[in-house]
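In what follows, a structure is listed as structure tokens, so that the remarks can point back to it.
The values are calculated or read from the model by the stated rules, or taken from the named source; none is laboratory data. Small disclaimer: the values here were computed from a predicted structure and weren't measured. Note that we place each Cβ from the backbone using ideal geometry, even for glycine, and neighbour counts take in every protein chain shown. Keep in mind that these areas ignore ligands, DNA and RNA; they rest on the heavy atoms of the full protein, side chains included. Shrake-Rupley method; radii C 1.70, N 1.55, O 1.52, S 1.80 Å.
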Amino acid sequence: EQRRAADIIRLLMLYRPLLDAFVIDFFTDGLWAQLPPAWQPALASATPVQLAGLLGGRGGPGAAWPLSLLAFAAAARALAFPRGCPGGSLRPPCQSSHLHPLLRRHVKPKKQHEIQRLGKLLKRLSQATGCERVVDIGAGQGHLSRFLAFGLGLSVTAVESDGRLVGLAQRFDQELLWELGKTRGLGNKRPSLHPLTPRAPQHVAGRLDPAAPWGEFLLPPDPPGPGPAAQNPLGGPGGSEDGGQVLVTGLHACGDLSPALLCHFARSPTVAAVALVGCCYMKLSTTPQPSGCPLGYPLSTSVAALPGHQLSYRAREAACHALEEYEGRLRGDSPHLRAHCYRAVLESLIHAADPAKRHLGLQPGRKAHALSFPQYAHLGLPLAGLDPAAVPLDSGAVEAMLEQQHKVVAFCTLGQLLAPAVETLILLDRLLYLREQGFHCALVPLFNPRFSPRNLVLVAARTPLATVLAELDKDSEDGDS
């Protein structure tokens, strides 16, 4: 793991200009000319299907890539942690047959897939550690917590910083309890499903204080909810309210929340195990914290000691890309691909009109790909404080930029190649941090990456994980993925 982290950093240092480039600057900064000269002709003539083959490592019809480009792509793929399901279903997620019908309410199919898979992992951890109490941090509307409590019979405390979501989660719990009371025995009509347990999660509104001891880790919610501030259900310095150990989980714990939970796990003997799926890496802290608590990136002393380990905002944002989705768009020559070129042309027009305006975070619409460029520009320019009537939208220069869409797409593909390696470095840093503390840990590709781009779950425990991971492998062999 240390060697892989060092190799990733060496690769990223070689291609840092590519990694740190914003595609919206394609024309304003002349990004195409910054590519290795040997790559430019091959990429300029490549079809979207050929680019998809380069991205996925499965070849492309008629593609003749320079050896240096093939080496770059092969190194990026080899160093990235395997994401699983390379031949997984191409169908979009549908209603999960593994979840009780009452647990599917208000839950989108993608989320159903995620809570069912993560819930089963937590159940395995519960059995392996003898711990039936789970704390779900960043619980949102409580979908995972409901499945753990009602569906798997675990004792669950759901912690969420947004008091409005806490109220919504409690309402959903009450709806489910009412349905259970009205239709007792509903689960018996579906022999393949276990009947639900009328045991609702406990919901708490509060934010995590990374620097506080485990028993004092809650801050008031933001914004404050109605009524008195909730007391920490985990009790004082001794840990949980019943004196026992807890399992901690976070499904797509955003930014610094994941590192904070790992720090709490490392410092708190009352936490038996943790299972986290991170997201929003661009929100990670990258500077030392006043409290001295190692937060954000890097966490481990191993990675912090490596020259060139620093990751820019752009690199961390790239790590959140949906690689499999982009490959699918390339293979289907999706009209969504033109959105990158549209935004780069718009940036060029904004920069020409007012050089002080840069990277404004404009969102002209989710269906920009379905518009003509003049329609797109008429939506985007006012967001930048510019009058579309004063900007030439039908000039030869604009037309010349739009004709380079294939180059913009090729440039985006190169960035996509590096994205999984950046995510792997961030997750390896977390693994190494835990190993430095003497814990057992593993990264598991738990979800189908075609629909859940952040699909790698970090599992850590104070006892060996071999039995838990073996059971998960058995689930996959039985077709439960």
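Amide H contacts under 5 Å for residue 156: 134, 202, restricted to partners 5 or more places along the chain or on a different chain, H placed in the peptide plane at 1.01 Å from N.
For the stretch 336-412, with all protein chains present and a 1.4 Å probe, just round the carbon and sulfur fraction of the accessible area to a whole percent. So the carbon and sulfur contribution to the accessible surface is 54 percent.
At a Förster radius of 51 Å, what calculated FRET efficiency corresponds to the Cβ-Cβ distance of residue 64 and residue 360, to the nearest 0.05? Mind dumping the intermediate values first?
Numbers: r = 40 Å, r/R0 = 0.78.
The pair residue 64/residue 360 has a calculated efficiency of 0.80.
In the full protein context, the stretch 245-336 carries 35 Å² of accessible surface per residue, based on a 1.4 Å probe and ignoring ligands, DNA and RNA. Subtracting the Cα-Cα distance of residue 367 and residue 353 from 0.36 nm times their residue separation leaves 2.5 nm of extension gain.
A dipole drawn for the stretch 296-350 from +1 and -1 charges on Cβ atoms has a positive end, and of 318, 307, 344 the residue lying farthest that way is 344. In a fully extended conformation the segment linking residue 333 and residue 177 would gain 51.4 nm over its present Cα-Cα distance, using 0.36 nm per residue.
The label point for residue 164 and the one for residue 74, both projected 7 Å from the Cα toward the Cβ, are 5.3 nm apart. Backbone geometry of the stretch 399-405 corresponds, through the Karplus equation with coefficients 6.51, -1.76 and 1.60 at θ = phi - 60°, to 3J(HN,Hα) couplings of 4, 5, 5, 5, 6, 9, 3 Hz, x marking Gly and Pro.
Were the residues from residue 287 through residue 209 laid out at 0.36 nm apart, the gain over their Cα-Cα distance would be 26.4 nm.
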